[in-house]
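Read-outs: derived from the displayed coordinates by stated rules, not from any lab. All of these numbers come straight from a predicted model, not from anything done at the bench. Every residue, glycine among them, receives a Cβ derived from its backbone with ideal geometry; neighbour counts consider all protein chains shown.
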Amino acid sequence: MIGRLFCAAALALLAGGCVSTPPPPATCTAPLKPAVQVDLYFGRDKPAGGEVSEAEWAAFLAEAVTPRFPDGLSVLAVEGQTRVPSGAIVRERTKLLVVVVFDAPAHEAKVGEIVAAYNRRFGQHGVFRTERAVCAGA
């Protein structure tokens with residue numbers, strides 16, 4: 001539910017929908033390189049009731065996310081909150097997926113596929129997304 005609400009809020013704020021434009025590259029000091037950090041917020045409430053379980057999330061991560069970003073990613077458990085049109089505050093457990101990519105904008109299709117897979121699998125209508133230029137390296 002929060003995923004849908006975040007997307008709706010982003011639409012209202014950005015007036016451009018949930019389609020992103022990659023941020024400008026960062027100016028980095030070696031050994032760091034310009035990259036893009038993609039944050040995806042996956043709300044876990046299912047529209048028909050219940051919640052995406054840890055086992056369901058783990059399967060989704062293994063099947064839909066890891067094959068697209070095998071070089072690494074981070075997942076954090078977070079608590080989401082938003083105000084719905086009625087004025088009520090809605091809270092939802094959320095998974096935050098963080099991926100740093102060096103192939104911008106080639107990552108766009110992969111991210112779109114992940115979002116579409118989550119929406120199909122769990123009956124969601126959106127995944128809130130942010131992107132920002134970063135300097136990264138190991």
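Which aspartates and glutamates does Lys95 reach when only Cα atoms under 18 Å apart count, and residues fewer than 8 places away in its own chain are ignored?
Lys95 reaches Asp39, Asp45, Glu51, Glu54, Glu56, Glu63, Glu79, Glu113, Glu131.
Taking neighbour Cβ counts within 10 Å as the exposure measure, how do Arg83, Arg129 sort from fewest upward?
So the residues, fewest neighbours to most, are Arg83, Arg129.
Relative contact order, percent, of region 16-133 when contacts are C-alpha pairs under 8 Å separated by at least 6 residues?
For region 16-133, the relative contact order is 42 percent.
Calculate the FRET efficiency for Glu54 and Thr29 from the Cβ-Cβ distance with a Förster distance of 25 Å, rounded to the nearest 0.05.
It comes to 0.05.
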